[in-house]
Amino acid sequence: MAPKLIALAITLFCFGAAYADEVEVVTEVAVKTATINDITLHAYVQAYGLVEPALASHGKAAASARVASPVAGIIAQVYCEEGGQVQKDAPLFALDKRATAAQIAKAEVALDFAKKNLARKHLLKPDETISRKLLDDAEQLVAAAQTDLQTAQTQGALQTITAPLAGTVSAIHFKVGEAVSASSVLADLIDAHRLELVLHVPSQEAVALQVGQSVAIDVGKAVLDAGKLSFINPQIDPLTDTVLVRVELPDSACSPGQCLRSGQFVHARITVETRPHRLAVPVASVVNHDGHSMLAVVEGDQAVQRPVVTGLRDGDWLEVSGAGLGAGMTVVSEGAYGLPPQTRVKVLP
């Protein structure tokens, strides 16, 4: 009896193994999907730089100034404060004018005396003789006294230092009682509404730049429109191998919550190419297989790999082209790496 049971067991085992070999094991892979989009893609040149006051251009004065004293003296009054707003020609500082006031008074007395002396000579009677030289000397004394008075008055006017432009006082370098020399910088002024970007672009990438191209700045999590390229330096800086470019910032660059300030370090993107109506997928959707770019297209419950040609990358989107591809098609966006040419997939939410 035992030999028959053993033989039956062996027969059933062999039959089961043969049956198992004939049953196809279906593998189901969990993936995430995305769609092929028809969008506009952009090519950018990345650059770093600073926000600075605008230079003088197109008939406009520079947007910043270093206010210097035209004469030597002692600071007697400071009419401004750091961070304060001032109008053009508003007084900022006054030097001690006591010595100059004395000079003006002395010059006024000398001029009055010279005028009276000249008047007396003109009033001489016809029978009184006066040489032409004495009359000329008197007239010269009047002219010299007038010149001395004008010089003293000009000196006095220079002792009140005014604002060369309307703007914000960004720094004050002297206080009351301190001595200054001629050309000492007393304060810095900035017109915060007239700013520009000064960027440095690697020379190899600068060949794609043109005046008028749009520029955007990364401000935290937002992207701020910074205007357009207004100047491209024709020379390359040999020390940094970069090209200096300027961007005149629009008024919107100082909107509430994202105001740019002079001296701020920024990261900018210059749009050098625009490609409308291009098929694009998330970058992670395209995988490399044996040196070829592949895209797993979902058809029903199957993912079928198709060869694609990649193009421009714009952030998280990558341009693709290939036979049979179209906008709205579903592709594997996560889990595409390592998939066989065709496999059953389960789409994860």
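Miscellaneous remarks
- In degrees, nearest ten, helix 98-122 long axis to first principal axis of the chain (Cα): 40 degrees
- Amide H contacts under 5 Å for Ala68, placed H, 5+ residues apart: Leu186
- Rg/Rh for the stretch 85-215, where both radii come from Cα atoms and Rh is the Kirkwood radius: 1.35
- Rounded to 10°, Cα long-axis angle of helix 2-22 versus longest principal axis of the chain: 40 degrees
- FRET efficiency estimate (nearest 0.05) - Cβ-Cβ, Ala208 to Ser57, R0 30 angstrom: 0.80
- Long-range HN-HN contacts of Ser170 with modeled amide H, under 5 Å: Gly83, Asp188, Leu189, Ile190
- Largest-first ordering by accessible area, 1.4 Å probe, given options Tyr48, Tyr337: Tyr337, Tyr48
- What the chain shows is 61 Å² of accessible area per residue, with the surface traced by a 1.4 Å probe over protein heavy atoms.
- With a 1.4 Å probe rolled over the protein heavy atoms of all chains, the accessible area of Cys259, Cys80 falls in the order Cys259, Cys80, largest first.
- Signed unit charges on C-beta, dipole axis of the chain, positive-most listed residue Ser69, Ala94, Val169: Ala94
- Pairwise label distance in nanometres, Val347 with Asn233, each label 7 Å out on the Cα-Cβ vector: 5.4 nm
- Once the Cα-Cα distance is subtracted from the 0.36 nm per residue extended length, the Val109 to Lys175 segment shows a gain of 20.3 nm.
- Cross-link pairs beyond the 31 Å C-alpha cut-off, checked among Lys88/Lys228; Lys175/Lys228; Lys106/Lys133; Lys32/Lys221: Lys175/Lys228
- The accessible surface of the stretch 261-332, taken with every protein chain in place and a 1.4 Å probe, is 50 percent carbon and sulfur.
- Computed label-point distance, nm, for sites Asp218 and Gln264 using a 7 Å Cα→Cβ extension: 1.6 nm
- Between Asp89 and His193, the contour length at 0.36 nm per residue exceeds the Cα-Cα span by 35.6 nm.
- Computed from the Cβ-Cβ distance with R0 of 35 Å, the FRET efficiency linking Gln77 to Asn117 stands at 0.35.
- For the stretch 224-305, the list of trypsin sites (Lys or Arg not before Pro) that fall in a loop by DSSP and count at most 16 other C-beta atoms within 10 angstrom reads Arg261.
The values are calculated or read from the model by the stated rules, or taken from the named source; none is laboratory data. From a predicted model like this one, the values you see are computed outputs, not experimental measurements. Because the Cβ atoms are built from the backbone with ideal geometry, glycine has one as well, and the counts that use them run over all protein chains shown. Just so you know, the surface numbers come from the protein's heavy atoms only, side chains and all, with ligands and any DNA or RNA stripped out. Shrake-Rupley method; radii C 1.70, N 1.55, O 1.52, S 1.80 Å.
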